[in-house]
Amino acid sequence: MMGVGLMLLMSIATYSPGDYGMVQSLRIPELALLEDSPVIGAKNWLGPVGVLIAHTLVFTLFGYASALAPALLIGAGWRLFRAQDLRPFGRKALLGLWSMILISLTAGWVRLATEAFAGYWSGLAGSSLAGWLRLITGTVGSGVILGVAVVVTAALILNVDLNELLQRFAAAVSRAGERAGDVLAAWRERWGES
């Protein structure tokens, strides 16, 4: 399991968008004659198989966030290797997979809203989901939804009590309002006398 996860991670890490063009026209028998193939120039460390895996995970699915899936495989493999129970790992795995989707979706939203970076950061699935979310809730609404989802997910990953976090935020806003009132009163006192 750790080996498969490591190989998937290497495939994603060495993803190059131009490699897929070399591989997509190959047929299975041509893989046996690779010395004459254009695939020799592929940048992916796992060769044509790595190119196909990386293209599927990075371009078609969830962009570079797809690296979380092999990382989870490595983590589960490590627990198995150490003869530990996998049940406690289930929550982390679900959060990891959800984070992968959320990162991809957020990157897709940013990409669609700003044209800031290439699509392989979000993958086709992330960009499509972001486009759908923007279509039904608008740019601002989808941004708010994603922002809340990111904060809640980060709180779950960091094991933060959301109620306590909201109470601290409200107290900080209240203190800031009091300070602003004090500054305004001092300003009025100073400039109002002139």
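Only Lys, Arg, Asp and Glu count, each charged at its Cβ (+1, +1, -1, -1), so figure out the dipole size of the stretch 38-153 about its Cα centre, rounded to 20 debye.
Values: 8 positive and 2 negative charges, 63 e Å.
Its charge dipole is roughly 300 debye.
Mean-square fluctuations from a GNM of the chain, with a 10 angstrom spring cutoff on Cα atoms, peak among Leu165, Leu156, Leu72 at Leu165. The Cα atoms of the stretch 38-117 cover 43, 38, 14 Å along the three principal axes, with the biggest extent listed first.
Taking the Cα centre of the stretch 91-194 as origin, sum charge times position over the Cβ atoms of Lys and Arg (+1) and Asp and Glu (-1), and report the length of that vector in debye to the nearest 20. Write down the numbers at each step before the final one.
Values: 9 positive and 7 negative charges, 60 e Å.
Roughly 280 debye for the stretch 91-194.
Look at where the Cα atoms of the stretch 170-194 and of the stretch 37-87 average out, and the two centres are 55 Å apart. Given a 10 angstrom Cα cut-off, can you work out which residue in Gly77, Gly63, Gly50 is the most mobile in a GNM of the chain? Taking springs between Cα atoms under 10 Å, the residue moving most is Gly77. Report the local net charge at Leu73: Lys and Arg +1, Asp and Glu -1, summed over other residues whose C-beta lies under 13 Å from its C-beta. Cβ neighbours under 13 Å give a net charge of +2.
Remark: accessible surface ordering of Phe117, Phe62 (largest first) is Phe117, Phe62, probe radius 1.4 Å.
By the helix-only formula, in which each DSSP H run with n ≥ 4 contributes -39500 (n - 2.57) and the sum is divided by residues, the chain has a 222 nm mean residue ellipticity of -23000 deg cm²/dmol. Largest GNM mean-square fluctuation among Arg87, Arg111, Arg179, using the chain with Cα springs under 10 Å: Arg179.
To the nearest ten degrees, helix 68-81 and the longest principal axis of the Cα atoms of the chain are 70 degrees apart.
Three principal axis extents describe the C-alpha atoms of the stretch 93-194; from largest down they are 63, 32, 23 Å. The angle between the Cα long axis of helix 2-13 and the longest principal axis of the Cα atoms of the chain comes to about 80 degrees, rounded to the nearest 10.
The mean sequence distance of close C-alpha pairs (under 8 Å, at least 6 residues apart), as a share of the length of the chain, puts its relative contact order at 19 percent. With bins 5 Å wide beginning at 0, the percent of Cα pairs of the chain falling in each bin runs 1, 7, 11, 12, 12, 12, 11, 9, 7, 5, 3, 3, 2, 2, 1, 1, 0, 0, 0.
Shown here: the stretch 81-130, whose C-alpha atoms stretch 46, 16, 13 Å along the first, second and third principal axes, sorted largest to smallest.
Each Lys or Arg adds one and each Asp or Glu subtracts one; over the other residues with Cβ under 11 Å from the Cβ of Trp98, this totals +2.
The values are calculated or read from the model by the stated rules, or taken from the named source; none is laboratory data. As the structure is a prediction and not an experimental result, all values here were calculated from the model. Neighbour counts run over all protein chains shown; Cβ positions are idealised from the backbone, glycine included. Quick note on the areas: whole protein, heavy atoms, side chains included, nothing else; ligands and nucleic acids left out. Shrake-Rupley method; radii C 1.70, N 1.55, O 1.52, S 1.80 Å.
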